Amino acid sequence: MRLPSKDSAAWRCVVTGGQALIGVVIAMLAMPEFRELVNIFYPQAVPFVVFGAALASFVLNYFRKDVQNY
């Protein structure tokens, strides 16, 4: 299995997913009411937010001509 190169669409997807996950975790730690809201009403939405950000990054970078595709 080949790992994505550092300036490819796949690598940027991984980085953006990590950044989204870190952002959600920081928001949950910094704002107790946000953590409570997510835990009560939308616990299943957190993975979709992180995956959605990563997927959006991949799609946008996949179609750019100056970014490698893998």
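Ranked by the mean number of other Cβ atoms within 10 Å per residue, highest first, peptides 29-37, 55-63 order as 55-63, 29-37.
Averaging 1/r over every pair of different alpha carbons in the chain and inverting the result gives a Kirkwood radius of 13.2 Å.
Multiplying the residue separation of residue 46 and residue 31 by 0.36 nm and subtracting their alpha-carbon distance yields 3.9 nm. Taking every protein chain into account, the accessible area of the chain amounts to 76 square angstrom per residue (probe 1.4 Å).
Once the Cα-Cα distance is subtracted from the 0.36 nm per residue extended length, the residue 19 to residue 6 segment shows a gain of 3.1 nm.
Surface composition of the chain: carbon plus sulfur atoms hold 71% of the accessible area, using a 1.4 angstrom probe and ignoring ligands, DNA and RNA. Each Cα pair under 8 Å and six or more residues apart adds its sequence gap; the mean of these over the residue count of the chain is a relative contact order of 54 percent. Hydrophobic, long helices, defined as DSSP H runs whose alpha-carbon span along the helix axis is 30 Å or greater and whose mean Kyte-Doolittle value is at least 0.0, occur in the chain at 9-30.
Here the dipole of the chain is about 340 debye; that uses its Cα centre as origin and unit charges on the Cβ of Lys and Arg (positive) and Asp and Glu (negative).
The values are calculated or read from the model by the stated rules, or taken from the named source; none is laboratory data. All values reported here derive from a predicted model rather than from experimental measurement. For neighbour counting, all protein chains shown are included, and Cβ atoms are generated from backbone atoms with ideal geometry for every residue, glycine included. With ligands, DNA and RNA removed, areas are computed over all heavy atoms of the protein, side chains included. Shrake-Rupley method; radii C 1.70, N 1.55, O 1.52, S 1.80 Å.
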